Amino acid sequence: MQFLRGSMKLMRRQAGAACLAVLGVLAASGCSSGGEGGSSADRHPAGAVIRVPADVPTVQRAVDIALPGDLVLVSPGTYRESVRIARPRVVLRGTDRNAVVFDGGLKLVNGITATGAGTVVENLTVRGYLANGVLFTGVTDEKLQRHGAGGSAYDPLDTTRFPPVEGFRATRVTSYGNALYGIYAFDARGGIIEDSYASGMADSGIYVGQCKPCDTLVRGNTVERNAVGIEITNASENLTVVGNRAVGNRVGVTVNSNDLESFAPQHGAVIAGNVVADNNSADSPQQADGGFGIGIGIGGGVDNRVERNLVTGNRAAGVVVTDPPGHPASGNRVTGNRVTGNGVDLVGAALSPSNCFTGNGPGVQSPAGLEQLAPCGAAAGGAPVPAGRAAVVQAPPGTPFNEVPAPPAQPPLPDPNAPAVPAVGLPGPVDPGGYPLPTGV
């Protein structure tokens with residue numbers, strides 16, 4: 001369980017350091033990590049649709065001239081750009097999710113960075129970047145964005161200088177083979193990440209970090225062959241993670257508190273109706289190996305609900321609740337899940353008796369009888385529970401992030417020519433109860 005004692009953030013530092021070392025070499029050799037700027041020759045076409053390359057030759061130049069509410073519609077092709085969307089309520093959409101490809105060529109830093117309120121990125125593929133595939137953030141300093149958006153050496157961010165970006169959406173995005181995160185929402189709130197796919201990330205497929213309140217929904221995504229499938233760090237209040245598949249990563253889902261980002265402790269997330277299975281993949285980047293083989297891990301989170309998830313085939317542990325230094329986990333409810341066929345199904349390694357476990361199946365528990373020692377309901381909150389342990393699993397060698405196999409074609413938007421809908425007023429009403437316990441992997 002060492003991963004829940006700080007190695008998530010250590011992993012980010014290691015990956016970030018590797019990225020920065022590569023960037024240093026590129027800078028010395030004269031390579032650019034930015035996209036093209038706008039041109040005075042570019043003119044906004046009539047109407048609210050800007051077509052690339054028919055109207056404007058590059059995506060960056062198109063988003064630079066876009067007006068709030070415009071649709072930048074990108075035709076099939078490979079776009080070797082780093083795109084920065086600073087204007088509000090711009091919708092960036094590919095006409096074909098699988099044939100509109102942003103390719104960093106292992107030279108560019110971020111694929112698509114959105115700092116404009118209400119930005120949407122949808123129906124396209126992003127691959128081969130040295131940091132993130134798609135980044136939604138209030139961090140407008142490009143130097144900090146190169147560190148992954150978390151600030152220099154991941155010190156807590158100045159939230160006064162960089163208030164969160166309000167409103168974002170990623171829909172049917174394919175992100176694979178990037179060095180840090182696939183789809184990354186940091187210092188961002190009021191958003192949705194949905195129906196997307198992430199694989200081959202050296203850190204996390206999907207990451208939601210440093211938001212309070214988050215007002216964010218993560219639903220219907222598939223994450224596989226990443227170091228971590230879905231990571232939540234210091235992300236709190238109205239954060240809902242539902243109906244996702246985290247299968248075949250090294251670690252499935254993590255919920256963390258730490259002091260290397262602002263807004264600790266993490267609290268108040270709902271994780272429901274997800275499939276979290278077989279997170280023991282050797283066909284994934286070699287990071288986070290202190291947590292290899294864990295399905296869902298809560299490290300220092302507070303008042304989270306983990307319910308109606310299918311958690312199976314994770315060789316170290318199914319669900320783990322533990323205390324990283326300085327952040328005791330408390331008030332977490334693990335109820336109504338099907339947790340079976342893991343190394344140890346339920347592990348209670350947090351001291352607070354306010355963490356509770358009920359109705360998760362008759363599987364292997366540590367300490368033995370955990371659901372009787374720490375039940376939810378009227379009997380909750382008794383004596384401290386002895387610390388449990390996950391099974392000991394030796395992590396196999398990993399695969400370089402840029403060598404993880406490309407994914408198969410993913411389902412596209414039904415109508416790529418539909419009018420633009422900026423990310424305003426999201427996520428709207430969310431009912432976690434509408435996501436039942438999955439019946440199979």
Q. Filter region 243-263 for residues that are surrounded by fewer than 23 Cβ atoms within 10 Å (Cβ to Cβ) and among the aliphatic types (A, V, I, L, M); which is nearest to D345 (Cα to Cα)?
A. V247
**Q.** Output for region 398-432, where each listed residue is more than 22 Å from the chain's Cα centre (by Cα) and surrounded by fewer than 18 Cβ atoms within 10 Å (Cβ to Cβ)
**A.** P414, D415, N417, A418, P419, V421
**Q.** Test result for T140, in contact with a Ser or Thr (Cβ under 6 Å, 6 or more places away or on another chain), under 28 Å from G69 (Cβ atoms) and surrounded by fewer than 22 Cβ atoms within 10 Å (Cβ to Cβ)
**A.** yes
Q: Could you tell me which numbered condition L239 fails, if it satisfies all but one of (1) over 18 Å from P407 (Cα atoms); (2) in contact with a Pro (Cβ under 6 Å, 6 or more places away or on another chain)?
A: (2)
Q.
Whether any residue in region 313-320 is closer than 16 Å to L351 by Cα, touching a residue at least 60 places away in the same chain (Cβ under 8 Å) and either in a strand (DSSP E or B) or out of contact with any Cys (no Cβ under 8 Å at 6 or more places or on another chain) (or both) is what I want to check.
A. yes
**Q.** Of the criteria (1) modelled with pLDDT under 95; (2) under 30 Å from F168 (Cα atoms), which one L351 fails
**A.** (2)
Q.
Just checking, does region 324-332 include any residue being under 28 Å from N234 (Cα atoms), out of contact with any Pro (no Cβ under 8 Å at 6 or more places or on another chain), assigned to a strand (DSSP E or B) and not basic (K, R)?
A. yes
**Q.** Single residue of P367, P411 found to be in contact with a strand residue (DSSP E or B) (Cβ under 9 Å, 6 or more places away or on another chain) and over 28 Å from G290 (Cβ atoms)
**A.** P411
Q | Residue that is touching a Lys or Arg at 6+ places or on another chain (Cβ under 7 Å) and either modelled with pLDDT of 95 or more or over 17 Å from N110 (Cα atoms) (or both), where the choices are S204, S199 | A | S199
(Q) I'd like the residue in region 368-380 that is of a type outside the set (A, V, I, L, M) and surrounded by fewer than 17 Cβ atoms within 10 Å (Cβ to Cβ) and, out of all such residues, is farthest from G268 (Cα to Cα). (A) G369
Q) Which of the residues that make up region 381-396 are among the small types (G, A, S) and buried (at least 19 other Cβ atoms within 10 Å of the Cβ)? A) G388, A390
Q.
Being free of Cβ contacts under 8 Å to residues at least 60 places away in the same chain, of a type in the set (A, V, I, L, M, F, W, C) and within 27 Å of G205 (Cβ to Cβ) narrows it down to one residue among A418, A383, A395; which is it?
A. A418
Q) Inside region 172-213, can you point out the residues that are in contact (Cβ under 8 Å) with a residue 60 or more places away in the chain and outside any strand (DSSP E or B)? A) G177, N178, A179, L180, D195, G200, M201, A202, D203
Q: Answer yes or no: is there a residue in region 93-112 that is within 20 Å of the chain's Cα centre (by Cα), of a type in the set (A, V, I, L, M, F, W, C) and under 21 Å from V421 (Cα atoms).
A: yes
Q: Please verify whether region 360-383 includes one or more residues that are under 26 Å from the mean Cα position of the chain (by Cα) and modelled with pLDDT of 95 or more.
A: yes
Q. Is there any pair linking a residue in region 358-371 that is within 17 Å of R305 (Cβ to Cβ) and assigned to a strand (DSSP E or B) to one that is at pLDDT 95 or above and acidic (D, E), with Cβ under 7 Å and at least six apart or on different chains, and which?
A. T358/E371
**Q.** Hits in region 233-254 - residues which are closer than 17 Å to Q287 by Cβ and free of Cβ contacts under 8 Å to residues at least 60 places away in the same chain
**A.** A246, G248, N249, V253
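The values are calculated or read from the model by the stated rules, or taken from the named source; none is laboratory data. Everything quoted here is computed from the prediction, not taken from an experiment. For neighbour counting, all protein chains shown are included, and Cβ atoms are generated from backbone atoms with ideal geometry for every residue, glycine included.
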